[in-house]
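The values are calculated or read from the model by the stated rules, or taken from the named source; none is laboratory data. In this text, all values refer to a predicted model and were calculated from it rather than measured experimentally. All Cβ positions, even for glycine, are placed from backbone atoms using ideal geometry, and neighbour counts span all protein chains on display.
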Amino acid sequence: MLARYFTRSNSNKCPTVIVVSGSDGRIEKAQAIAQCLAMKGFSTLALCYFGMEHVPEDLDRIPMEYLKNAIGWLSKQPEVDADKIGIYGRSKGGEMVLLAATLFPQLKYVVANTPSNYVNEGIIGGSRTSGHSSWCFQDNEIQFIKAPKRSLLKLVIGLIIKNPMAFRNFYKSLTWNHTNAKHPDARIMIEKSNASFLFIASDTDGIWPSDNYIKEAYQIMKANEKEKNCKQLCYANAGHMLTLPYQPIPNCEEYGGIMESGIQATIDSWRETVQFLKQM
């Protein structure tokens with residue numbers, strides 16, 4: 001396990017949050033979020049799952065055991081309340097935490113920020129699809145949606161002509177067009193989890209249709225009479241970078257947002273995140 005741990009110096013047991021970042025890899029962004037949550041009174045663990053030494057180089061067949069081991073380690077810490085462990089993930093990390101909620105019942109609260117509720121193909125070299133799942137568990141690949149060559153060609157053309165919605169259109173097509181019918185098990189079965197969920201997205205997410213993903217996830221939970229466990233926040237014109245407030249958002253407009261809307265959305269979504277986790 002490659003991680004950084006933040007906790008208060010006193011010995012009182014407190015709620016704990018595992019934090020994972022997105023397809024940028026490494027640990028810096030997860031650590032920034034973890035540090036901010038630690039300042040709110042949580043113990044936090046920023047977990048790196050690829051892109052550094054001792055973990056895979058690429059976002060490809062990442063062992064979900066990383067999270068299992070993190071939960072086990074945290075449960076043994078004297079200042080951690082083992083019954084109050086939550087998890088936060090953004091972007092690709094949002095996909096990871098939704099999957100984790102179905103595998104590890106110890107996770108009580110789940111914040112999925114701009115997630116996918118489907119398992120997608122792994123990424124190698126920072127931009128190429130791997131032909132394998134992003135995740136594995138117990139040495140088995142998690143069922144995923146494989147991108148056909150035709151869809152990849154459309155994506156490349158979209159990027160060449162600088163279509164800001166090229167990635168969004170790519171994932172939207174993969175998820176709800178004919179390809180998904182070949183992979184019925186690629187949807188993350190969040191209805192199997194009894195955790196509480198906070199879904200965060202924007203209607204102009206330029207990376208993938210996180211707004212459609214969270215709406216579908218909420219409807220699935222509602223159909224399973226678990227909507228009381230869920231809250232969804234969808235912001236207008238905020239793009240993909242709904243992370244920490246009061247800091248630069250260099251990719252806001254590049255990833256579908258309008259700067260003014262993105263600023264207000266990050267402020268509100270962070271406040272909602274902290275309030276949600278404080279219910280633990």
Scanning the stretch 101-113 for residues that are out of contact with any Lys or Arg (no Cβ under 6 Å at 6 or more places or on another chain) and touching a residue at least 60 places away in the same chain (Cβ under 8 Å), the one surrounded by the most Cβ atoms within 10 Å (Cβ to Cβ) turns out to be 112
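In this structure, does residue 186 turn out to be out of contact with any Ser or Thr (no Cβ under 7 Å at 6 or more places or on another chain), crowded, with 19+ Cβ neighbours inside 10 Å, at pLDDT below 95 and under 28 Å from residue 87 (Cα atoms)?
Values: out of contact with any Ser or Thr (no Cβ under 7 Å at 6 or more places or on another chain): yes; crowded, with 19+ Cβ neighbours inside 10 Å: yes; at pLDDT below 95: yes; under 28 Å from residue 87 (Cα atoms): yes.
So residue 186 passes the test.
Applying the selection to the stretch 183-203, what residues are acidic (Asp, Glu) and closer than 23 Å to residue 238 by Cβ?
Let us first name the residues in the stretch 183-203 that are acidic (Asp, Glu), namely 185, 191, 203.
Matches in the stretch 183-203: 203 only.
Residues are listed down the side, and each one gets a yes or a no for (1) within 8 Å of the chain's Cα centre (by Cα); (2) modelled with pLDDT under 95:
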position: 77; (1), (2): no, yes
position: 99; (1), (2): no, no
position: 104; (1), (2): no, no
position: 107; (1), (2): no, no
position: 115; (1), (2): yes, no
* Has the stretch 196-207 got any residue that is of a type in the set (Asp, Glu), in contact (Cβ under 8 Å) with a residue 12 or more places away in the chain and either surrounded by fewer than 22 Cβ atoms within 10 Å (Cβ to Cβ) or over 28 Å from residue 122 (Cα atoms) (or both)? -> yes
Residue 62 vs (1) in contact with a helix residue (DSSP H, G or I) (Cβ under 6 Å, 6 or more places away or on another chain); (2) modelled with pLDDT of 95 or more; (3) not aromatic (Phe, Trp, Tyr): all pass except (1)
When restricted to 13, 29, the only residue modelled with pLDDT under 95, closer than 29 Å to residue 133 by Cβ and in contact with a strand residue (DSSP E or B) (Cβ under 8 Å, 6 or more places away or on another chain) is 29
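Would you confirm whether or not the stretch 209-218 contains a residue that is in a loop (DSSP other than H, G, I, E, B), crowded, with 20+ Cβ neighbours inside 10 Å and modelled with pLDDT under 90?
Filtering the stretch 209-218 down to residues in a loop (DSSP other than H, G, I, E, B) leaves 209.
Next cut, crowded, with 20+ Cβ neighbours inside 10 Å only: 209.
Among the residues that remain, those that are also modelled with pLDDT under 90 are: none.
No, because not a single residue in the stretch 209-218 is in a loop (DSSP other than H, G, I, E, B), crowded, with 20+ Cβ neighbours inside 10 Å and modelled with pLDDT under 90.
Out of the residues in the stretch 239-253 that are under 16 Å from residue 164 (Cα atoms) and surrounded by 14 or more Cβ atoms within 10 Å (Cβ to Cβ), state the one that is modelled with the lowest pLDDT.
Our first condition is that a residue be under 16 Å from residue 164 (Cα atoms); within the stretch 239-253, this holds for 239-241, 250-253.
Then drop every residue that is not surrounded by 14 or more Cβ atoms within 10 Å (Cβ to Cβ), which leaves 239-241, 251-253.
Numbers: 239: 92, 240: 92, 241: 88, 251: 72, 252: 75, 253: 79.
The selected residue is 251.
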Q: Within the stretch 20-30, identify whether any single residue is touching a residue at least 12 places away in the same chain (Cβ under 8 Å), in a loop (DSSP other than H, G, I, E, B), in contact with a Pro (Cβ under 8 Å, 6 or more places away or on another chain) and among the basic types (Lys, Arg), and answer yes or no.
A: no
Across the stretch 125-154, the tally of residues that are part of a loop (DSSP other than H, G, I, E, B) and in contact with a Phe, Trp or Tyr (Cβ under 9 Å, 6 or more places away or on another chain) stands at 4
Note on the stretch 46-98: residues among the aromatic types (Phe, Trp, Tyr), in contact (Cβ under 8 Å) with a residue 40 or more places away in the chain and surrounded by 20 or more Cβ atoms within 10 Å (Cβ to Cβ) are 49, 66, 88
